[in-house]
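This report concerns only the one structure given below.
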């Protein structure tokens, strides 16, 4: 948190000493715009891709985490949201996807009830 603050402070001081106040204002505006783009576009997109969440869901989760538990809530919001998404996907798979257990192939073509009947007959 202190690194970006010191970087912009040093850049602003150098800008004022070299070119004047107008350059310092452009430095601050450029930094502010870059931070907004990074915080609201780039980071949610990369984190969303890593945890397979939509960027808007990431922003919503962080805001909800902040309201519910402050700074700690913001830190745990994305893992909690990703966990909830995985649980919901497991029990209610999205259309076009089957559950995780659908990929397990049965040992035989018989169902369990048919296997039980054949075992009883023997």
Gained length - residue 76 relative to residue 52, 0.36 nm times residue gap less alpha-carbon distance: 7.0 nm
Along principal axes, Cα extents of region 36-87, largest first, whole Å: 28, 25, 13
Footprinting exposure proxy for 89, 39 (fewest neighbouring C-beta atoms within 10 Å first): 39, 89
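Bear in mind these aren't lab numbers, they're just calculated from the coordinates by the rules spelled out. What you see is a predicted model, and the numbers here were worked out from it, not measured in a lab. Note that each Cβ is placed from the backbone with ideal geometry, even for glycine, and that neighbours are counted across all protein chains shown.
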